[in-house]
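Notes for the one structure printed next.
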Amino acid sequence: MGAIDLPKSPNVFHPEKPSAVGSRNSLAQDYRDQQAEVNQLLEEETNKIIHHINAKLPKDVLERLDIMGGLKEKLYNYLNQNYQNMFNRYMVTTEDEMVKKVRNFVDKEETKVLARYTPKEIANLLDEVGGADKFNTGEIEKSMINMYGHLQGHIQRGVNDLENLTNSILRQKTDTGAFIRGENAYSIVKCAFKDSLFKPKTVTDVKLSVNILDAELISPIYHYQVTVEYLIKELLSKHIIENIDKEVEKLKDQRIDQGLEELTDSEIIFTKMSKIEKYTDDNMEDAKSRRYDVISKTVMDRLVGLRAEIDPSEYDQLNVRENLKKIVDIENIRTRGFNTAVNSITSILDTSKMGYQYIENFKNARELIIREYEDTDAAQLPDERYAVKMRYYDPAQLIEERKAYDVQMKSFENEVAHLWDVLEVIYEGGKPAFKVTDFKDLAKKQRNRIRKEIKAKTGDPMYEDIAKVWDEITFIKTGETEVERMNRTYVYEKNKVHQKIILMRNKMKAMYDYRYPVERRVMEDRLAILEREFNKFDYMINPYHIQPGLLLDVDITSLKRKKVTLNGMANVLNEFLHGVSKGFQDAAFASFSRRRSTVREDIAQSFAADAEEPAPASNVVAPAQAYLDMLNTDEPASSAGLVPAKSGRGRAKVADAKPKKGGRGRGRSGGRGKDGIRQI
């Protein structure tokens, strides 16, 4: 029987047959009792969560928590549905597919050996002659990587769903934390929950804005109009920084090998700055300048003013600048970043079953608009919907946006002040001449008596002679510094406009009561228009709070009891941020793991009774109790410190233990993880 006739695993799909695609049973697992293993795992995880909840929540809260059913049963069901059905099936499928790939590879290798006209020596000779790029297992490796990648994606999506459902059970409400979690929470610019204008009791409107800075984008985004010269200079700058980082890493390794102290954060920054002149300088006219070591000055001069498009009348395929532009265009440097973001958000919406009927991609303007429905009339749309607007801003665009925001804010102040003046004139003109209507009339009537009977004796100035600095609408605004002038929040101005609107509505009710003359109807209509438009303006994002980068603006409308769109968009946003953003990176924390400050004498500790001060057996603190006492104290255990017992006169001494060889300050007991939590 030849190698081609060797039996292979069944290429069928069945939930129970061993080694079938999608099966719960696998030949690779040697017929293990999977159900018993899964039940044990689910029981253990459920008990851990229940124990954690019982330890953290007060007793009165536990008695009221989820009275309609057992919390343990719900957690068990969620773990069972999301963990067993997802992880077990995909893991079995992956194992069987890998076995099939390996079998096919073995069959091919055996075919080479068993074929009569291909001796083993010739096969080895061909393999050696072909080199690293011939006769290799690259395709099989790519297939295995793809399988694991898909598996991880399914597991991550299932875990996100499990987190959202579990958090909803515990919180019994939806808040900002349901959208952006963990390392991406800093990117939120604005998140606001408010009741819908049309159905305030049952529907919620959510506004969420996320700002991803230029430095945090995995693939940089450039405007379509940016010049080729700028793109090449950006690549050169990145090349220089990478070379400097490599040199600094070599220097740090050398100091470690020599036993010297590691560089501090400030020393690393200054070292990088000192090496910049090794790669570039500011002399733009000298062709031998260091800035032209990678690309010559003549080439850079030809790129001056060259943008994304060339006039067809001037285009020549043999020119140097056209070929330079073609190289940049082939690499898609100009469009790579924005296209990646568009592909990411659209593919995630598709795979998350969050379909959309309207999409408009302003490619040259670097703006994308996606709506679940084409219609924009909120009164005609369903109660579950979303709209996404993604746009890239550079510093010049933000400056213009801020100018327009300033003008719009000033216009609202003028319009509201004008209506305030009209209402004030009508109010003062409608008051009776000899009748006290408000405190102002009473004070005016008693002014002469106050002057004669009080102020003449005390010598204090009259109220009318004192400058009035408080307008009785809002408190006095503090003076502005350069920080406030460059980053205007407009919180004071917006509060003042809101207070004026409320005061005008109350004054009209007091003036007219149940009468509706034409003056009242006109002023109320004007007040309603100003209030509606100002609420829209206040709902917008203040451009002073945005930094250059990608802005994702999401408007969500969802039913309060179902929250289907809210939960779906939470997964979409987290996956999108994970795909396009590197996240916030603190250089100090990134380099902390290699510092010698983590090599401490008290990392590896042991607890033993003091040999010099024996105590009665009943008073000696047990090692476990001493360890708990050490954890509960704020002060770290020193080499000579004693851990006092909570009861009795006995004491247990913390003995030093040197760190094991090969470890950089990470002992088995008492060590700390990345997040500073003490691990046992």
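Annotations for the structure displayed:
- Inside segment 21-60, residues that are modelled with pLDDT of 75 or more, aliphatic (A, V, I, L, M) and surrounded by 10 or more Cβ atoms within 10 Å (Cβ to Cβ) make up a count of 6.
- Per-region count, segment 353-382, residues of a type in the set (S, T, N, Q) and surrounded by 15 or more Cβ atoms within 10 Å (Cβ to Cβ): 1
- When each of 405, 386 is tested for being touching a Pro at 6+ places or on another chain (Cβ under 6 Å), surrounded by 12 or more Cβ atoms within 10 Å (Cβ to Cβ) and not acidic (Asp, Glu), the lone residue that passes is 405.
- Within segment 258-296, considering residues that are under 17 Å from residue 239 (Cβ atoms) and among the basic types (Lys, Arg), the one surrounded by the most Cβ atoms within 10 Å (Cβ to Cβ): 291
- The residues of segment 392-417 that are basic (Lys, Arg) and closer than 12 Å to residue 543 by Cα, listed by number, are 402, 403.
- When residue 304 is tested against (1) touching a residue at least 40 places away in the same chain (Cβ under 8 Å); (2) surrounded by 14 or more Cβ atoms within 10 Å (Cβ to Cβ), only condition (2) is not met.
- Pairs where the first residue, in segment 561-573, is in contact (Cβ under 8 Å) with a residue 40 or more places away in the chain and the second is among the charged types (D, E, K, R) and part of a helix (DSSP H, G or I), C-beta under 9 Å, 6+ apart: 567/161; 571/157; 571/161
- Residue count, segment 237-267 (criterion: in contact with a Ser or Thr (Cβ under 8 Å, 6 or more places away or on another chain) and at pLDDT below 90): 2
- Breaking point among (1) touching a Gly at 6+ places or on another chain (Cβ under 7 Å); (2) hydroxyl-bearing (Ser, Thr, Tyr); (3) surrounded by fewer than 17 Cβ atoms within 10 Å (Cβ to Cβ), for residue 222: (3)
- Condition check for residue 512: on the phi > 0 side of the Ramachandran plot, surrounded by 14 or more Cβ atoms within 10 Å (Cβ to Cβ) and assigned by TED's automatic domain parsing to the domain that holds residue 406: no
- In segment 534-562, the qualifying residues are those that are over 25 Å from residue 486 (Cβ atoms) and crowded, with 16+ Cβ neighbours inside 10 Å, and the one that is modelled with the lowest pLDDT is 560.
- Residue ID - modelled with the lowest pLDDT, chosen from residues in segment 313-325 that are surrounded by fewer than 15 Cβ atoms within 10 Å (Cβ to Cβ) and part of a helix (DSSP H, G or I): 320
- Of all residue pairs spaced 6 or more apart or on separate chains, none has beta-carbon atoms under 7 Å together with a first member in segment 428-452 that is touching a residue at least 60 places away in the same chain (Cβ under 8 Å) and over 18 Å from residue 465 (Cα atoms) and a second member that is among the charged types (D, E, K, R) and assigned to a helix (DSSP H, G or I).
- Considering the conditions (1) surrounded by 13 or more Cβ atoms within 10 Å (Cβ to Cβ); (2) at pLDDT below 70, residue 68 is excluded by exactly one of them, (1).
- Among the residues of segment 451-506, those identified as under 24 Å from residue 540 (Cβ atoms), among the acidic types (Asp, Glu) and modelled with pLDDT under 90 are 480, 484.
- Criterion applied to 295, 310 was being under 40 Å from the mean Cα position of the chain (by Cα) and modelled with pLDDT under 85, and the one residue passing it is 310.
So that you can scan it fast, the table gives a plain yes or no per residue for (1) modelled with pLDDT under 75; (2) buried (at least 16 other Cβ atoms within 10 Å of the Cβ); (3) touching a Lys or Arg at 6+ places or on another chain (Cβ under 9 Å); (4) closer than 29 Å to residue 148 by Cβ:
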site	(1), (2), (3), (4)
90	yes, yes, no, yes
94	no, yes, no, yes
104	no, no, yes, yes
113	yes, no, yes, no
116	yes, no, no, no
127	yes, no, yes, yes
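- Matching residues, segment 216-243, being within 25 Å of residue 576 (Cβ to Cβ) and without any contact (Cβ under 8 Å) to a residue 24 or more places away in the chain: 234, 238
- Residue check, residue 457 over 41 Å from the mean Cα position of the chain (by Cα) and either among the β-branched types (Val, Ile, Thr) or farther than 24 Å from residue 427 by Cα (or both): yes
- Taken over segment 481-498, the criterion of being among the acidic types (Asp, Glu), surrounded by 11 or more Cβ atoms within 10 Å (Cβ to Cβ) and free of Cβ contacts under 8 Å to residues at least 24 places away in the same chain is satisfied by 484 alone.
- Residue count for segment 420-444 under the criterion of being surrounded by 13 or more Cβ atoms within 10 Å (Cβ to Cβ) and not in a helix (DSSP H, G or I): the result is 3.
- Flag for residue 241 being hydrophobic (A, V, I, L, M, F, W, C) and more than 21 Å from residue 328 (Cβ to Cβ): no
- Being touching a Leu at 6+ places or on another chain (Cβ under 9 Å) and either surrounded by 11 or more Cβ atoms within 10 Å (Cβ to Cβ) or not polar (S, T, N, Q) (or both) holds for only one residue in 526, 521, and it is 526.
- Residue in segment 137-157 that is outside any helix (DSSP H, G or I) and at pLDDT below 65 present: yes
The values are calculated or read from the model by the stated rules, or taken from the named source; none is laboratory data. Keep in mind that what you see is a predicted model, and the values were worked out from it rather than measured. Don't worry about glycine lacking a Cβ; one is built from the backbone with ideal geometry, like all the others, and counts go over all protein chains shown.
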